[in-house]
Amino acid sequence: MPELPEVETVKRTLNQLVAGKQIERVTITLPRILQRPAEPEQFADMLVGRTIESVERRGKFLRILFDGLVLVSHLRMEGRYGVYEQGEPVELHTHVRFHFVDGTELRYKDVRQFGTMHLFEPGDEFVLPPLNKLGIEPLDDAFTLQTFKKTLAKRTTRIKPLLLNQEYVVGLGNIYVDEALFSAGIHPERSADSLKTSEWARLFEAVRATLLRAVEAGGSSIKSYVNGQGEMGMFQHELLVYGRKNEPCSKCGRSIEKLVVGGRGTHICTHCQPLSKPRRTVKLSSK
């Protein structure tokens, strides 16, 4: 699933490619992607004649701002956008096509078909699902060590599942939580309320630094992610623990291990990320 750096990269790319373009018509071949309104004809009619003013991001969601409407788009597992000339062949699993008056198209392709689209009056998107319960943005100026600690520090939940919960901090997924916890030297099964002040400071810095580096690299193309121009992200070449099971730790040289924490595959160095209070973990087979 695209995480904050990937969605941020798509946002920046689409701003370059489609801002200022006016919609002539919309073609929809998989209506269940549409959540609001659910009727394809109504969805298309609402957008005809509208101009894209900008593309923004909230957590892992794209906000496509039109003159008078906002389209909230969640890519989920494998959704992707691309800009094409209208005469170019339409690839399999292309479900929504926004035809522009200049002869180009913004196409939404989704092999897994899990993506969603909602249309709102401007401002309504923040008080209605799916954006109404999202937590703090880790790349905003308002994201400080104080707000980070205030949001999480008193909770007894294990720190990894807590960081993955979008109602507290948005945009973090499995890859970047593993990377940030490793950089901070914190075991993913530590409870949030067990972390010391110095550990919160390290984790805060690690979250921001990891995300900023990933955004700069265009995200991580672990599976099928590409940006709006069909280009792969490059941060997967900088990952220190994620996907590196049995490889030597970059800090101490011991082998990276893979555990299951909260139902998610989790990569750690048990030497650099000690678990103060042991909890039961499930170690995956070496196969």
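The values are calculated or read from the model by the stated rules, or taken from the named source; none is laboratory data. On a predicted model such as this, the values are computed, not experimentally measured, just so you know. All Cβ positions, even for glycine, are placed from backbone atoms using ideal geometry, and neighbour counts span all protein chains on display.
Brief remarks on what is shown
- Number of residues in segment 131-151 that are part of a loop (DSSP other than H, G, I, E, B) and either surrounded by fewer than 16 Cβ atoms within 10 Å (Cβ to Cβ) or under 14 Å from the mean Cα position of the chain (by Cα) (or both): the value is 12.
- Taking the criterion of being of a type in the set (Gly, Ala, Ser) and at pLDDT 95 or above, the only residue of segment 150-176 that qualifies is ALA153.
- Filter pass, LYS154 being free of Cβ contacts under 8 Å to residues at least 40 places away in the same chain and surrounded by 14 or more Cβ atoms within 10 Å (Cβ to Cβ): no
- Taking the criterion of being among the aromatic types (Phe, Trp, Tyr) and under 16 Å from the mean Cα position of the chain (by Cα), the only residue of segment 61-75 that qualifies is PHE61.
- Residue list for segment 11-23, filter: more than 20 Å from the chain's Cα centre (by Cα) and charged (D, E, K, R): LYS21
- Residues that are assigned to a loop (DSSP other than H, G, I, E, B), free of Cβ contacts under 8 Å to residues at least 60 places away in the same chain and surrounded by 15 or more Cβ atoms within 10 Å (Cβ to Cβ), drawn from segment 24-47: none
- All positions within segment 77-92 that are more than 17 Å from THR51 (Cα to Cα) and either in contact (Cβ under 8 Å) with a residue 24 or more places away in the chain or under 21 Å from the mean Cα position of the chain (by Cα) (or both): MET77, GLU78, GLY79, ARG80, TYR81, GLY82
- Flag not set for VAL26, criterion: closer than 16 Å to LEU106 by Cα and under 17 Å from the mean Cα position of the chain (by Cα).
- Scanning segment 96-107 for any residue that is in the same structural domain as LEU47 (by TED's automatic domain parsing), among the hydrophobic types (A, V, I, L, M, F, W, C) and surrounded by fewer than 13 Cβ atoms within 10 Å (Cβ to Cβ) turns up at least one such residue.
- Lone qualifier among ALA217, ALA209, ALA201, ALA180 - being small (Gly, Ala, Ser), crowded, with 19+ Cβ neighbours inside 10 Å and in the same structural domain as SER276 (by TED's automatic domain parsing): ALA180
- Residue identified as surrounded by fewer than 17 Cβ atoms within 10 Å (Cβ to Cβ) and over 15 Å from GLY171 (Cβ atoms) among GLU85, GLU56, GLU78: GLU85
- Residue in segment 130-149 that is among the small types (Gly, Ala, Ser) and at pLDDT below 95 present: yes
- From the options LEU163, LEU203, residue that is in contact with a strand residue (DSSP E or B) (Cβ under 7 Å, 6 or more places away or on another chain), in a helix (DSSP H, G or I) and free of Cβ contacts under 8 Å to residues at least 60 places away in the same chain: LEU163
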